[in-house]
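One structure is given below, encoded as structure tokens.
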Amino acid sequence: MAAGDPEAPLRAVVNLVGGYASTGLVHETPIEEFERMLTVNLRPTHLVTRAALPHLVGAGGGAVVCVAARAAVAPFPGVAGYVTAKAAVLGFASAVAVEYRTAGVRCNTVLPSVIDTPTNRDAMPGADQTRWVDPAEIASVIRFLASDESAPTSGAAVPVYGRA
């Protein structure tokens, strides 16, 4: 486990796991698909953060970085489960920021727009892919938020939209 070495205490956790599904309008979305989006996007963030927090507190503080999505603050039709799950990740991160502030643990969230990945390129061949955000750009923001350089920042929702 990453927190097992007392000579190198855990200082940051990044929650990257998530998924996307377009399921139709709310009344068309089966409850199983809606719940699947919560399970895929919110549950791992909660479980990993929950496991890491005692180690971060024990080390005197650190950073948690969560990945939500632009859709959490700017929804679009046909993806209510996804939008709800990413908004829940944002809310969860805000709660962590408040609850662990005095313990020196900060928690921030990045909100990428469409990420320029092979999967997204295959799924949206007609889209203007030059406006999408490069994964390396998202990684730079995450690296900053996980570093001591961002020590005064907690509870932030950082847009990483590229040119979108």
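Taking the condition exposed (fewer than 14 other Cβ atoms within 10 Å of the Cβ), at pLDDT 95 or above and not hydroxyl-bearing (Ser, Thr, Tyr), does ALA156 pass? The answer is no for ALA156. Quick one: would you say LEU47 is closer than 27 Å to PRO135 by Cα, out of contact with any helix residue (DSSP H, G or I) (no Cβ under 6 Å at 6 or more places or on another chain) and either open to solvent by 20 Å² or more (accessible area, probe 1.4 Å) or part of a loop (DSSP other than H, G, I, E, B) (or both)? The answer is yes for LEU47.
Does ALA93 meet the test of being of a type in the set (Gly, Ala, Ser), modelled with pLDDT of 95 or more and in contact with a helix residue (DSSP H, G or I) (Cβ under 9 Å, 6 or more places away or on another chain)?
Taking the combined requirement at face value, the residue satisfies it.
When we screen SER154, SER140 for residues that are polar (S, T, N, Q) and in a loop (DSSP other than H, G, I, E, B), the only hit is SER154. Among the residues making up the range 118-152, those that are within 20 Å of ALA72 (Cα to Cα) and open to solvent by less than 80 Å² (accessible area, probe 1.4 Å) are ASN120, TRP132, VAL133, ASP134, PRO135, ILE138, ALA139, VAL141, ILE142, LEU145.
The values are calculated or read from the model by the stated rules, or taken from the named source; none is laboratory data. As the structure is a prediction and not an experimental result, all values here were calculated from the model. As a convention, Cβ positions derive from the backbone with ideal geometry for all residues, glycine included, and neighbour counts pool all protein chains shown. What goes into the accessible areas is simple: the full protein's heavy atoms, side chains included, and nothing from ligands, DNA or RNA. Shrake-Rupley method; radii C 1.70, N 1.55, O 1.52, S 1.80 Å.
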